[in-house]
Amino acid sequence: MSSPRSQEARGQLAKKRNRIALMVGTKKGAFVFTTDSGRKRWKSSGPYFRGREIYHVNYDGRNGTMLASVISNHWGPTVAISKDLGATWTESKTPPKFPKGSGLSVERVWHIEPGLEDEPGVVYAGVAPACLFRSEDGGRSWEVNGALMNHKTRKKWNPGAGGLCLHTILLYPHKPKRMHIAISAVGTLMTDDDGRSWKFLNKNVLADFQPDKYPEYGQCVHKLAVNPSRPDVIFHQNHCGVYRSDDAGENWVDIRNNLPSRFGFPVAADFNDPRRAYVVPLEGDFARVPPNGHFAVWGTDNSGKEWFKLDDGLPTKSYFTVLRDGMTTDKEDPCGVYLGTTTGQLYSSPNHGNHWSMVADGLPPILSVSVSAI
């Protein structure tokens with residue numbers, strides 16, 4: 001029979017895991033919003049790193065730490081670590097840096113991704129100019145991926161409007177040596193040998209700004225998303241369309257269909273239903289505002305064959321912009337969807353986007369939104 005103390009400890013752990021943290025990176029600091037599993041009332045804290053650009057904040061559920069990409073105009077980019085939901089922070093002793101003689105210098109850390117459950121301490125970071133870094137000590141020190149840094153095509157890579165950024169990292173527990181990454185404006189790449197080699201996965205993806213409209217690489221992928229129950233199915237928001245792959249990126253199918261625009265930045269996958277995904281259409285790169293001034297999230301529940309507008313609770317007339325890391329989903333059932341705008345509004349929906357509520361207004365321009373059970 002369990003002792004009263006062990007029963008109490010399990011109860012406290014269960015209670016803790018009923019909490020949800022929404023982590024928001026902005027142009028002027030990081031904010032954390034917490035709630036219970038009902039996802040109705042949010043408690044806010046921050047800003048942390050007041051006045052500094054925070055491109056991404058993520059939570060490592062393996063050890064309960066929070067990791068943030070922090071940019072200082074004086075000291076440059078680094079990764080900061082918190083073990084108490086942002087109350088205190090320590091910065092990497094050795095932040096991501098290219099080796100001397102490479103001719104490269106890290107401009108910013110775009111994305112931070114904790115490793116798999118069975119590799120404690122492993123964390124990945126995507127940076128600009130595009131490359132992948134790996135940490136084996138929870139983000140305290142970092143080592144560059146040499147195969148990507150020295151890729152034979154690297155000299156021909158061109159930046160997108162936001163720079164030459166590695167902004168997406170997808171990991172696969174069922175195939176621990178596999179990883180997908182996305183680089184703007186290079187495209188999607190995959191490794192099946194733990195990063196020792198990389199191949200392009202851009203078949204049938206349009207690059208209408210290139211002389212060759214369907215090149216091997218040079219596409220401006222904006223974001224990738226995957227449901228863990230069907231890891232070979234990947235949703236893809238591109239500069240030139242919305243795509244789905246059913247074979248781990250080997251082939252892509254255009255699924256824009258009835259969307260009002262092929263252009264947008266984020267895409268998010270529903271955690272419980274692998275057929276369901278969410279995008280935020282914008283007018284093309286000439287404007288980057290919602291079509292006809294009506295902001296809406298669009299969702300699909302049949303893998304992109306048809307899309308439907310999800311705007312209940314959102315302003316009728318608005319010109320919000322949501323960046324590539326500005327929308328995410330949680331693991332609750334029904335799945336929650338969260339988004340932040342470049343004008344400082346933060347919204348949440350606890351029911352697949354069917355109804356939206358404002359979590360916060362008046363924040364600095366939002367660069368990223370992440371969510372995790374804590």
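Just so you know, all these numbers are worked out from the coordinates, no wet-lab data involved. Predicted model only: the values in this text are computed from it and were never measured. Every residue, glycine as well, gets a Cβ built from its backbone with ideal geometry; the counts of neighbours run over all protein chains shown.
List of remarks:
- Spin-label model distance (nm) - Lys28 vs Ala87, 7 Å beyond Cα toward Cβ: 2.7 nm
- FRET efficiency estimate (nearest 0.05) - Cβ-Cβ, Ser357 to Asp246, R0 51 angstrom: 0.90
- Summed side-chain charge close to Thr300 - residues other than Thr300 whose Cβ falls under 13 Å, Lys, Arg +1, Asp, Glu -1: +2
- Converting phi to 3J(HN,Hα) with the Karplus coefficients 6.51, -1.76 and 1.60 and the offset θ = phi - 60°, segment 339-350 yields 8, x, 10, 6, 10, x, 9, 10, 10, 9, 9, x Hz in sequence order, with x at every glycine or proline.
- Residue order, fewest to most surrounding Cβ atoms within 10 angstrom, among Ile234, Ile81, Ile181: Ile81, Ile234, Ile181
- Dipole magnitude of the chain about its Cα centre (Cβ charges: Lys, Arg +1; Asp, Glu -1), debye to nearest 20: 700 debye
- Prolate/oblate/rounded label for segment 305-374 (Cα gyration tensor, a/c 1.5): oblate
- Loop chymotrypsin sites (Phe, Trp or Tyr not before Pro), segment 24-133 (other Cβ atoms within 10 Å of the site Cβ: 14 or fewer; DSSP): Trp75
- Straight-line cross-link partners of Lys27 among the aspartates and glutamates, defined as a Cα under 18 Å from its Cα and at least 8 positions apart when in the same chain: Glu53, Glu107, Asp325, Asp361.
- Extension gain from Lys156 to Asp312, taking 0.36 nm per residue of separation minus the Cα-Cα distance: 51.7 nm
- Shown in residue order for segment 245-250 are the 3J(HN,Hα) couplings computed by the Karplus curve 6.51 cos²θ - 1.76 cosθ + 1.60 at θ = phi - 60°: 10, 9, 9, 6, x, 5 Hz (x for Gly and Pro).
- Sparsely packed loop sites in segment 235-327 (the chymotrypsin sites (Phe, Trp or Tyr not before Pro) outside DSSP H, G, I, E and B with at most 14 other Cβ atoms within 10 Å) comprise Phe286.
- Each residue, Arg41 and Asp193, gets one label point 7 Å from its Cα in the Cβ direction; the gap between the two is 5.6 nm.
- Candidates Thr88, Thr168, Thr321: whichever shows maximal mean-square fluctuation once the chain is modelled as a Gaussian network with Cα springs under 10 Å: Thr88
- Choice from Gly138, Gly249, Gly146 showing the highest fluctuation, given a GNM over the chain with Cα pairs closer than 10 Å: Gly146
- Alpha-carbon centroids, segment 259-290 and segment 31-99: separation in whole Å: 26 Å
- Within the chain, longest stretch clear of exposed trypsin sites (Lys or Arg not before Pro) (DSSP loop, no more than 12 other Cβ within 10 Å): 214-304
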